[in-house]
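A short write-up of the structure that comes next.
The values are calculated or read from the model by the stated rules, or taken from the named source; none is laboratory data. All values derive from a computational prediction rather than experimental measurement. In this analysis, Cβ positions are derived from the backbone assuming ideal geometry, glycine residues included, and neighbour counts consider all displayed protein chains.
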Amino acid sequence: MAYILNIETATTNCSVSVAKDGITIALKEDYDNGYSHAEKLHVYIDEVLKEAQIEKQQLDAIAVSKGPGSYTGLRIGVSAAKGLCFALDIPLIAVSTLEALAHQVKAENGLIISMLDARRLEVYSAIFNSDYQEVRAIEAQVLDENSFSEYLKESKVYFIGNGVKKTMDLITNKNAVFIEEKLPSANQMSVLSFEAYKKSNIQDVAYFEPFYLKDFVAVKSKK
């Protein structure tokens, strides 16, 4: 039996779950449009542990969404996860943000494209089949009307994530299915983190860094 705490902070959704053997038994999240992770993350951690009726010392591992996503959000999540791992002397597990997002789609066939909003017409995306096996690795790409056309010719394609809105404005193919208002969640991390735990697929707590995909760009305030 394994208890794993899952932390997802790659987007505006501050999301935390406790899973027992890959099944979510407690979940707390906030789909607010603003980034509130610094204020809410540790509160949510305490709340899900209380709901699951376990102590921190009973956790077997901490899992964190590794990105891509918000630079600040990922830093907050990874810092919290590392701190818990050091304090409790338990392993750190990293879960792909886009893979976990794809698990929100239940499709008998076709492809799933998880996408997170980047700047302007850019998204971070990855492509999976209906069994959640990776078809195309994560990329940062600029969208246009021909984006994903090679996949849309062959089958239904399910688009999910906060990059969907800008995609809908460009792609009109009949095989495109747009799933709106979905963000990565610690709920779908549960099964993935447990699989990694069983395989001892863990990270070096001291040296692990989020997967930003692109270098952080600081913007000078106009004030």
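Any residue at all in region 91-109 that is farther than 21 Å from Lys199 by Cα, β-branched (Val, Ile, Thr) and free of Cβ contacts under 8 Å to residues at least 40 places away in the same chain?
Checked against the condition, which is being farther than 21 Å from Lys199 by Cα, β-branched (Val, Ile, Thr) and free of Cβ contacts under 8 Å to residues at least 40 places away in the same chain, region 91-109 yields no hits at all.
Looking for whichever is outside the structural domain of Val135 (by TED's automatic domain parsing), surrounded by fewer than 19 Cβ atoms within 10 Å (Cβ to Cβ), on the phi > 0 side of the Ramachandran plot and among the acidic types (Asp, Glu) here; the options are Asp60, Asp89. Which one fits?
Step by step, each of Asp60, Asp89 is checked, and only Asp89 is outside the structural domain of Val135 (by TED's automatic domain parsing), surrounded by fewer than 19 Cβ atoms within 10 Å (Cβ to Cβ), on the phi > 0 side of the Ramachandran plot and among the acidic types (Asp, Glu).
Among the residues of region 8-36, count how many are buried (at least 22 other Cβ atoms within 10 Å of the Cβ), within 15 Å of the chain's Cα centre (by Cα) and within 17 Å of Glu51 (Cβ to Cβ).
So the answer is 5.
Taking Ala107, is it farther than 21 Å from Met189 by Cβ and of a type outside the set (Lys, Arg)?
no
Evaluate the following for Ala206: is it on the phi < 0 side of the Ramachandran plot and either charged (D, E, K, R) or surrounded by fewer than 19 Cβ atoms within 10 Å (Cβ to Cβ) (or both)?
Yes: the conditions hold for Ala206.
Only one of Asn187, Asn201 is touching a residue at least 24 places away in the same chain (Cβ under 8 Å) and surrounded by fewer than 17 Cβ atoms within 10 Å (Cβ to Cβ); which? Before the answer, list the steps.
Details: Asn187 fails: surrounded by fewer than 17 Cβ atoms within 10 Å (Cβ to Cβ).
On inspection, the qualifying residue turns out to be Asn201.
Taking region 24-43 only, how many residues are in contact (Cβ under 8 Å) with a residue 24 or more places away in the chain and in contact with a helix residue (DSSP H, G or I) (Cβ under 9 Å, 6 or more places away or on another chain)?
Summing the residues that are in contact (Cβ under 8 Å) with a residue 24 or more places away in the chain and in contact with a helix residue (DSSP H, G or I) (Cβ under 9 Å, 6 or more places away or on another chain) in region 24-43 gives 10.
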